[in-house]
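The values are calculated or read from the model by the stated rules, or taken from the named source; none is laboratory data. Remember, predicted model here, so these are calculated numbers, not experimental data. FYI the Cβ positions are ideal-geometry reconstructions off the backbone, even for glycines, and counts take in every protein chain you see. Keep in mind that these areas ignore ligands, DNA and RNA; they rest on the heavy atoms of the full protein, side chains included. Shrake-Rupley method; radii C 1.70, N 1.55, O 1.52, S 1.80 Å.
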Amino acid sequence: MPPAAPDIRLEKVSFSFPGTVLFRELDFHIRSGCWTCLLGPSGCGKSTLLRLISGSLRQGVSGAIFFDGTPRGRGQTAWMAQKDLLLPWLSVLDNVLLGDRLRGRVTPARRQKARDLLQAVGLAHCAGDLPAKLSGGMRQRAALLRTLMEERPVILMDEPFSALDAITRTRLQDLAAGMLRGATVVLVTHDPLEALRLGHRIHVMSGAPVKMGPALQPPGDPPRKVDDPVVAGLHADLLGRLTGAA
Amino acid sequence: MKRALLRPLIVTAGLLFAWQVLVAVTGVPRYILPGPLRIAAVFATHWQTLAHHAGITLVEIVLGLVLGTVLGAGCALTMTASRAARRWLLPLLVMSQAVPVFALAPLLILWLGYGMGSKVTMAVLIIFFPVTAAFYDGLRRTDPEWLELARVMDAPPRAVLTRIRLPAALPAFASGLRVATAVAPIGAIVGEWVGSSAGLGFYMLHANARMQTDLMFAALALVVAMALALYFSVGRGLKKLVYWQSEEEQEL
């Protein structure tokens with residue numbers, strides 16, 4: 001992973017959709033090199049918060065977002081969504097190289113790197129296949145590699161594992177935790193268990209305008225095991241917080 | 001695959017047989033309804049003339065199809081790439097749909113003469129809109145999440161257009177072109193009816209005026225055969241163009 005994962009500071013960020021104030025002067029700090037998990041009821045603004053951080057949503061936003069104290073520049077974030085967003089007309093390899101293709105900079109070295117990554121996650125045999133031939137879990141693995149290939153210090157993940165079956169999800173969570181170690185990761189999720197397995201810091205968002213709950217910091221390094229007593233112990237606590245938020 | 005081909009053949013043969021029986025039983029005069037055998041015989045004796053006219057009509061249709069597709073695709077791309085073009089062209093396009101193109105045929109012949117030009121223009125006018133509308137619609141309906149992904153990847157707008165929006169719109173373009181291919185022969189034939197000195201449309205009118213109904217049917221059979229052949233070959237080409245789509249998704 002690229003060095004120098006920045007911390008992210010939101011200062012007095014405000015944003016509204018017509019009819020609802022989503023954020024009013026929100027201050028929020030995201031630690032560098034950590035997995036920060038955001039939980040909360042649907043529609044509370046979790047995905048919007050990711051869009052604000054990535055810069056894909058700018059209109060009608062006030063306030064400031066700093067990466068390591070300076071305004072966000074280009075090339076700092078990568079985004080992974082619930083849908084794999086693989087382009088159906090490109091091979092798996094070309095999909096993994098999508099960022100380079102779009103920026104017109106595919107080099108043999110980058111191609112090789114993509115192949116190595118595919119090899120590492122057991123997708124080498126279908127590098128040349130179209131995404132339609134792959135299972136949901138394989139597709140999301142390819143999407144993870146595409147995110148990884150961006151080599152961005154900040155990774156924004158919007159429920160990337162929620163459409164998968166339980167076993168595939170657990171495997172992919174472990175894979176992501178390993179491959180994204182050291183990056184600043186913001187993970188939006190609906191699943192308290194996922195947050196407890198992966199998060200260094202967990203926040204529950206609630207209300208409109210949004211209030212950020214205090215950080216829950218489970219001890220130990222992620223990915224934690226499902227049967228880790230820490231996970232089991234905090235699960236009830238977190239569920240309680242979520243129920244209070246809804 | 002073989003069976004799929006066999007079935008329509010059997011149905012066609014059955015219908016032809018029924019037709020022939022009907023003609024023989026009722027004794028309907030052949031200037032009203034000639035039987036298939038009679039038409040086949042006329043077809044054989046007039047083969048060269050028919051082929052000559054068919055060639056002209058085919059060129060008109062294919063030229064119209066190519067030009068109409070190029071213009072339609074170009075128009076859709078221009079409207080997608082430029083806001084100003086969209087503002088100026090879109091209302092014009094919508095309004096142009098209200099014009100019955102066939103009503104323009106006499107004008108086109110007045111301006112462009114009795115030759116191929118007027119027929120090709122007619123075909124172009126008919127093809128242009130379905131291609132433009134379908135392709136433009138496809139270009140507009142790119143999955144917003146793909147666009148967001150590209151934005152986060154710092155993709156230049158040009159690359160987004162050529163590498164995401166354009167390929168994503170190809171299935172829509174293909175269905176527009178399929179419709180256009182089906183209607184293209186109408187433009188050429190109607191153009192020939194209104195005023196021409198060659199082509200199957202002209203030949204049909206000519207035969208009609210002389211009560212050569214069997215020749216009319218022979219020409220009609222050729223038109224149908226040409227239209228079918230064109231439709232299926234364009235369809236095959238389009239299947240290659242949108243190679244990533246499964247068969248079911250390609251149905252109209």
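Worth a mention:
- Region B:51-104-region A:1-76 distance, computed between alpha-carbon centres (Å): 47
- Chain A: relative contact order in percent, alpha carbon pairs under 8 Å with at least 6 residues between: 29
- Interface residues, region B:134-158 - accessible area loss of 10 Å² or more versus chain alone, probe 1.4 Å: B:Asp143, B:Glu145, B:Trp146, B:Glu148, B:Leu149, B:Arg151, B:Val152, B:Met153, B:Asp154, B:Ala155, B:Pro156
- Helical mean residue ellipticity (222 nm; -39500 (n - 2.57) per DSSP H run of 4+; nearest 500) of chain B: -27000 deg cm²/dmol
- Helix B:36-45 and the longest principal axis of the Cα set of chain B meet at an angle near 90°.
- Note that chain A presents 42 Å² accessible area per residue, ligands and nucleic acids not counted, probe 1.4 Å.
- Buried surface between chains A and B: roughly 2100 Å² of accessible area, summed over both sides, computed with a 1.4 Å probe on protein heavy atoms only.
- Rg over Rh [alpha-carbon atoms, Kirkwood Rh] for region B:63-215: 1.13
- Solvent-accessible area of B:Trp193 with every protein chain in place, 1.4 Å probe, in Å² to the nearest 10: 120
- Geometric extent, Cα atoms of region A:143-246 - Rg, Dmax (angstrom): 13.8, 39
- Top of A:Pro192, A:Pro41, A:Pro108 by mean-square fluctuation, Gaussian network on chain A, Cα under 10 Å: A:Pro108
- Average 1/r across all pairs of distinct alpha carbons in the protein assembly as shown, invert it, and you get the Kirkwood radius: 27.4 Å.
- Residues of region B:164-180 buried by at least 30 Å² of accessible area upon assembly of all protein chains, compared with the chain on its own (1.4 Å probe): B:Ile164.
- Since only B:Tyr136, B:Val194, B:Thr181 are under comparison, the one whose Cα sits farthest along the positive direction of the charge dipole of region B:98-252, derived from C-beta charges on Lys, Arg, Asp and Glu, is B:Val194.
- Taking the longest Cα principal axis of chain A as reference, the axis of helix A:136-149 is set at about 90 degrees.
- Area of B:Phe129 that stays accessible when all protein chains are in place (1.4 Å probe, Å², to 10): 50
- Of the residues B:Leu125, B:Leu37, B:Leu220, the one that moves most in a GNM of chain B with alpha-carbon contacts below 10 Å is B:Leu37.
- Counting only lysines at least 8 places from A:Lys46 when in the same chain, those with an alpha carbon closer than 22 Å to its own are A:Lys12, A:Lys83, A:Lys211.
- Computed [θ] at 222 nm, deg cm²/dmol, chain A (DSSP H ≥ 4; -39,500 (n - 2.57); rounded to nearest 500): -10000 deg cm²/dmol
- Solvent-accessible area per residue for region B:55-242 (1.4 angstrom probe, square angstrom): 47
- Apportionment of accessible area to carbon and sulfur, the protein assembly as shown, percent (1.4 Å): 63
- Among beta bridges that DSSP assigns inside the protein assembly as shown, antiparallel share in %, nearest 5: 50
- In angstrom, the C-alpha Rg and Dmax of region A:10-90 are 14.0, 43.
- Against the rule of thumb 2.2 N^0.38 Å, how large the Cα Rg of region B:1-125 comes out: 1.61
- Solvent-accessible area lost in complex, 40 Å² minimum, residues of region A:38-59 relative to chain alone, 1.4 Å: A:Ser56
- Solvent-accessible surface ranking, highest first, for A:Lys83, A:Lys113, A:Lys46 at 1.4 angstrom: A:Lys83, A:Lys113, A:Lys46
- Angle in degrees between helix B:200-209 and the longest Cα principal axis of chain B, rounded to the nearest 10: 30
- For A:Asp221, the solvent-accessible surface with a 1.4 Å probe is about 120 Å², rounded to the nearest 10.
- Ordered from largest to smallest accessible area (heavy atoms of protein chains, 1.4 Å probe), the residues A:Arg72, A:Arg152 come out as A:Arg72, A:Arg152.
- Dimensions of chain A along the principal axes, based on C-alpha atoms and rounded to the nearest Å, stand at 47, 42, 34, largest first.
- Inter-centroid distance (Cα atoms) of region A:141-214 relative to region B:178-205, Å: 61
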